[in-house]
Amino acid sequence: MNEKETMEKLVALSKRRGFIFQGSEIYGGLAGTWDYGPYGVALKNNVKNLWWKKFVDTRFDMFGVDAAILMNEKVWEASGHTGAGFTDPLIECANCKKRFREDHLAGAKCCPECGGVLGEARDFNLMFQTQVGSQGDTKSYLRPETAQGMFVNFKNILDTLHPQLPFGLAQIGKAFRNEIAPRDFIFRTREFEQMEIEYFVREEDWESAFTGWKAAMEEWMEEIGLPKEALHELEVPEEDRAHYSKRTIDFEFDFPFGRKELYGLAYRTDFDLKNHMEHSGVDLRYSDPATGEKFIPHVIEPTFGLDRTVLAVLVSAYTEDELDGEQRTVLKLAPSIAPVRVAVFPLLKNKPELVEKAKSVYSQLKAVFGNVSFDDNGNIGKRYRRQDEIGTPQCVTVDFETLEDNAVTVRDRDTGTQERVALVELQAYITNTAK
Ligand code: ATP
C-alpha cells in the first residue's frame with residue numbers, strides 16, 4: 001500500500017465508521033475544518049482524559065486551567081503574536097493564483113500546481129481577527145495557542161493556591177490559525193485542539209526539568225500506542241528556534257505523507273512572564289517563601305497537538321490482515337483510548353432469553369467501563385468486522401450455553417482467539433487481558 005492509498009483509506013474509514021467528517025460537508029465544506037463524529041469524539045475524549053490523568057490528576061505539582069478563547073488584544077502584543085513573530089511566508093502563483101508557504105516549497109521557483117511564475121514571499125499573520133461588542137469597536141483574536149491563557153493566569157494561581165516552585169499549569173482547548181495551506185486531513189487545520197503545559201522552575205533547574213518532561217512525553221507516546229520506530233526527536237538548531245528559546249525538541253512522527261512535527265518541547269526562559277509583566281504593569285514575580293526573594297520563574301513548555309495525536313494513533317492502528325481466511329480492516333488501538341472498550345452481542349436477535357441475558361451483561365459492563373456497546377445486528381461475523389473497524393479490543397457473546405453455565409465467549413480483536421469466561425470473572429478478565 002503506498003502512502004497516498006493509506007491516507008485515502010484512513011479518511012474513508014473515518015467517514016464510513018463515524019470518526020471524522022468534512023466540516024460543513026452538506027454546503028461543500030470549509031477548507032481546513034473537520035468535524036468529529038461519535039467514535040471520533042469518543043477517541044478524542046479518551047486521549048484527553050488519559051492525558052489529564054497522567055499530567056494533572058496523578059501529579060502533585062500540576063494545576064489545570066480553562067481560559068477564554070477570546071482575550072484582550074494586548075495579550076497578543078505582549079506575546080509577540082501580532083508582530084512578525086507569528087507569520088508564515090506566503091507566496092502566490094502569478095498564473096493560477098494558488099498560495100503556498102515558501103518554506104514548504106523547498107526552493108522551487110515555479111508553481112508546483114501549474115508551473116507558473118511564483119511571486120515574492122510576504123509575511124502573512126496567522127491569527128483570525130474578530131470584533132467584540134455590539135459596536136464592534138474592541139479588536140480581539142481567536143487564540144492561536146492555549147499557552148497564553150496560562151501565563152496570564154499565573155498570578156491568579158499564585159494568589160489562590162500558593163504553589164511552590166517547581167509547578168505547572170495544564171490546559172486543553174481549541175486554537176485557531178489561518179493556515180496558508182491546510183492539508184493532510186486533520187494534520188494541518190485552521191481550527192484544532194492543543195494540550196499544553198507551562199512548567200515553572202528556577203532558572204538553574206531548567207535542564208533537569210527539561211529532561212524530566214522529555215521522558216514523560218516519551219512515556220506518553222508509548223502509552224497511546226505509537227510505535228517507537230515511527231518517532232524521532234529533532235534537536236532544533238539555534239537558527240530555527242524561536243529567539244527566546246534556549247532549547248527545543250520537535251517530536252516527529254512518520255505520517256504517511258512524510259516525517260512531520262507531532263509535539264514540541266521548549267525551554268522558553270522567562271520570556272513570556274517578563275513580557276506580560278512589562279505590558280500589563282502587574283507584578284508577576286514569584287516570591288520565595290523561605291527567603292522572600294522575588295524573581296520571574298523560567299518555563300518549560302511541553303505542547304501536544306490533539307488532532308495530530310488522533311491522526312498518529314489512527315495511522316499506527318490501521319491494519320489490513322487476514323483472519324480465518326478472510327481479509328479484514330482492523331484498528332489496533334490501545335484499549336485505554338479505543339472508542340468502544342467492549343461490545344456485547346446476543347448470539348441471535350430473535351431469542352428473547354438471549355437478548356435479555358445479553359442486555360444484563362451489557363448493563364453490568366457499562367456500569368464499570370462506560371464505553372460499552374450492544375450490537376444484535378446481522379450475523380456474528382459481520383458484528384466482529386464492524387467492531388474490528390472501530391478498534392473495539394474485545395467482544396462478548398452470550399449464547400445458549402450461557403443460560404446454562406453462566407459463561408460467555410470473549411473474542412480478542414487482534415488474534416481472533418476466543419475464550420470461555422465465567423460471568424463472575426468477566427470484569428476482571430476484561431481489565432487484565434487488554435490494557
Ligand atoms: P507547524 O510547523 O507544523 O506549523 P508549529 O511549530 O507552528 O507547527 P506549534 O506552534 O509548536 O506548531 O504548536 C504546537 C502544536 O500544536 C504542534 O506541535 C502541533 O501538534 C499542533 N498544531 C500546530 N498547528 C496546527 C495545525 N494547523 N493543525 C493541527 N495541529 C496543529
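So here's what we get for this one:
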quantity	calculated
Strands (runs of 3 or more DSSP E) within the range 132-248 that include 1 or more residues at pLDDT 95 or above and closer than 30 Å to SER336 by Cβ	167-176, 191-201, 231-235
Wholly within the range 338-435, strands (runs of 3 or more DSSP E) carrying at least 3 residues that are buried (at least 22 other Cβ atoms within 10 Å of the Cβ) and at pLDDT 95 or above	342-346, 394-398
Among (1) at pLDDT below 95; (2) among the small types (Gly, Ala, Ser); (3) in a strand (DSSP E or B) - the single one ALA290 does not satisfy	(3)
Residue within the range 51-69 that is among the polar types (S, T, N, Q) and over 27 Å from ILE157 (Cβ atoms) present	no
Selection count where residues are among the aliphatic types (A, V, I, L, M) and under 30 Å from LYS54 (Cα atoms), scope the range 328-369	13
Conditions (1) under 22 Å from the mean Cα position of the chain (by Cα); (2) under 20 Å from ASP88 (Cβ atoms); (3) more than 13 Å from the ligand (Cβ to nearest atom); number of the one not met by GLU191	(3)
The range 76-98: number of residues that are away from the ligand (no atom under 16 Å from the Cβ) and either closer than 28 Å to ASP270 by Cβ or under 22 Å from the mean Cα position of the chain (by Cα) (or both)	2
Candidate set: the range 217-256, residues that are within 12 Å of the ligand (Cβ to nearest atom) and farther than 15 Å from THR303 by Cβ; chosen: the one nearest to the chain's Cα centre (by Cα)	PHE255
Criterion: more than 19 Å from VAL424 (Cβ to Cβ) and hydroxyl-bearing (Ser, Thr, Tyr) - qualifying residue of TYR384, TYR362	TYR384
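The values are calculated or read from the model by the stated rules, or taken from the named source; none is laboratory data. None of these values were measured; they are calculated from a predicted model. Please note: Cβ atoms are built from the backbone with ideal geometry, for glycine as well, and neighbour counts cover all protein chains shown.
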